[in-house]
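> Structure provided below as structure tokens; questions to follow.
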Amino acid sequence: MTSVDMEADVAEVLLSEDEIRAKVLELGRQISDDYAGRQLTLVSVLKGSLPFMADLMRSITIPVRIDLMEVSSYGGITTESSGLVRILKDLSSSIEGSDVLLVEDIIDTGLTLNYLLRYLRGKNPASLRICTLLDKPARRLVEIPVDYIGFTIPDRFVVGYGLDYGELYRNLRFVGVLRPEVYSG
Ligand code: 5GP
């Protein structure tokens, strides 16, 4: 069971608010350099990428457009990826001829991203690269070249800074691991 005190449910802070802030600034600087003079569109995937997208776009200093998609990649209260991807919200504008940077919260098995990449490539962007805050390479099932990685993390189920367990904990300002009782409760 989840308690009313979210922080009491956290067993360990994996990435502090300060560490995340510094890394997002660094990624923003790098992306601004790499895309200088180009037409950059950031495409993020709701809901988990929301805080990362909001912070990353403000740490980028060149003009950007943004668009949002929503997909469901796993069913409700479970910590396992199913590989089933459903598009709940599609792009609002055409990305044909644009340089697109896909902004992700976490890459685990890579199945969700693999599906999204194929889908977005079909819309003929000028280029398509990937930026993820978290990378969990231990469970990767499909090989995907990732252009910008915030943090490589061990094979733990994490919550916070957008990431949920049963739709909760997204508003934590850090990334952490829950106490085992929270899952088994
Ligand atoms: P993949 O398809 O790469 O296995 O999984 C990607 C999606 O699974 C993520 O966008 C996220 O919704 C969910 N996911 C994978 N690992 C974690 C995790 O450690 N914590 C949370 N909250 N979600 C995860």
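No lab work stands behind these numbers, since they all come straight from the coordinates. Quick caveat, the model's predicted, so the values are computed rather than measured. A quick note on method: Cβ atoms are made from the backbone with ideal geometry, for glycine too, and the neighbour counts reach across all protein chains shown.
> How do 173-180, 117-124 rank on mean C-beta neighbours within 10 Å, highest first?
Highest mean packing first, the order is 173-180, 117-124.
> On a straight-distance basis, which aspartates and glutamates could pair with LYS123 in a cross-link, Cα separation under 18 angstrom, same-chain partners fewer than 8 positions away excluded?
Leaving aside aspartates and glutamates fewer than 8 places away in the same chain, those within reach of LYS123 are ASP67, GLU70, ASP90, GLU96, ASP99.
> A further question follows. Counting other Cβ atoms within 10 Å, which GluC sites (Glu not before Pro) in region 134-185 have at most 16 and lie in a DSSP loop?
Numbers: sites: GLU143, GLU167, GLU181; in loops: GLU143, GLU167.
Within region 134-185, the qualifying GluC sites (Glu not before Pro) (loop, at most 16 other Cβ atoms within 10 Å) are GLU143, GLU167.
> In addition: Given the chain, what percent of its DSSP beta bridges are antiparallel, to the nearest 5?
Rounded to the nearest five, the antiparallel share is 30 percent.
> Also, I was wondering about something else. Over the Cα atoms of region 1-156, how large are the radius of gyration and the largest Cα-Cα distance (Dmax), in Å?
In Å, with Rg to one decimal and Dmax whole: 15.9, 50.
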